[in-house]
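Have a look at the structure below, then the notes.
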Amino acid sequence: MSDASHIHPTVRRMTAILDMIALTCRILTGIALVVLTVIFGWLVFGRYVLNATPTWVEQVALLLVMLIAFLGAAVGVHEHTHLSVSIVRSAVPSRIRTVFVVVTDLVMGAFGALMMWYGAQLTIFKWGSLIPLIQLPEGLRSLPLTVGGGLILLFSIGHLIRLFLGADDRRDSIE
């Protein structure tokens, strides 16, 4: 972050909270990745050693992949590691670059809001039916979409707040 002495304490608190949310998401996705690896190991062991394939593994794996993908995408937005093409933004003067950064954050926030809204509708719609073989609500498949969209929206708003208050620390945003 830039010189911390001029940053308002509320912005520092907001940044700390957003950082904690991102850390929690990283921990959850890390745990999900380990569980995914372990259950696929069990699948291979069951199939080739026990000659009894555990059929529930594929359904649980799909849930874990959704969790990893959407929480990971939200963390990418927070930490500026998401896929972006910054060559045009880097080639223009600082004032225009700032406009590009604002537009990017607004588009990302709108995309996150749409993910959250439609993901929530899908989650509610599918909650009444069960996932075959594991008997959990089908809505769990789209819940990471909803949460990830909400986090993308939240992180984008956080970027805009820091930008407008002069506390933006992104390397290619304003130099």
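Below is a table of values for the structure above.
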| read-out | value |
| --- | --- |
| Odd one out for M108, checked against (1) over 15 Å from L18 (Cβ atoms); (2) touching a residue at least 12 places away in the same chain (Cβ under 8 Å); (3) of a type outside the set (S, T, Y) | (1) |
| Cβ-Cβ under 6 Å pairs, at least 6 apart or on other chains, segment 59-83 side of a type outside the set (V, I, T), far side part of a loop (DSSP other than H, G, I, E, B) | Q59/I131; Q59/L133; Q59/I134; G76/H82; H80/R170 |
| Failed condition for A52, given (1) over 20 Å from G148 (Cβ atoms); (2) of a type in the set (A, V, I, L, M, F, W, C); (3) without any contact (Cβ under 8 Å) to a residue 24 or more places away in the chain; (4) surrounded by 11 or more Cβ atoms within 10 Å (Cβ to Cβ) | (4) |
| Of residues in segment 119-175 being polar (S, T, N, Q) and assigned to a helix (DSSP H, G or I), the one surrounded by the most Cβ atoms within 10 Å (Cβ to Cβ) | S156 |
| Helices (runs of 4 or more DSSP H) contained in segment 1-106 and holding at least 2 residues within 20 Å of the chain's Cα centre (by Cα) | 9-48, 56-79 |
| Pair list, Cβ under 8 Å, 6 or more apart: segment 24-49 residue more than 22 Å from G148 (Cβ to Cβ), other residue loosely packed, with under 11 Cβ neighbours inside 10 Å | G46/A52 |
| Output for segment 55-67, where each listed residue is β-branched (V, I, T) and either over 27 Å from D19 (Cα atoms) or buried (at least 18 other Cβ atoms within 10 Å of the Cβ) (or both) | T55, V57, V60 |
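Each row is one residue, and each column tells you yes or no for (1) farther than 15 Å from A73 by Cα; (2) touching a Phe, Trp or Tyr at 6+ places or on another chain (Cβ under 8 Å); (3) surrounded by 12 or more Cβ atoms within 10 Å (Cβ to Cβ).
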position: R12; (1), (2), (3): yes, no, yes
position: A16; (1), (2), (3): yes, no, no
position: M20; (1), (2), (3): yes, no, no
position: T24; (1), (2), (3): no, no, yes
position: A32; (1), (2), (3): no, no, yes
position: V35; (1), (2), (3): yes, no, yes
position: I39; (1), (2), (3): yes, no, yes
position: L43; (1), (2), (3): yes, no, yes
position: Y48; (1), (2), (3): yes, no, no
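Residue-wise test of (1) over 22 Å from T15 (Cβ atoms); (2) at pLDDT 85 or above.
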site: Q59; (1), (2): yes, yes
site: L62; (1), (2): yes, yes
site: A69; (1), (2): yes, yes
site: E79; (1), (2): no, yes
site: S84; (1), (2): no, no
site: V102; (1), (2): no, yes
site: M108; (1), (2): no, yes
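The values are calculated or read from the model by the stated rules, or taken from the named source; none is laboratory data. Here the structure is a predicted model, which is why all the values come from computation and not from measurement. A quick note on method: Cβ atoms are made from the backbone with ideal geometry, for glycine too, and the neighbour counts reach across all protein chains shown.
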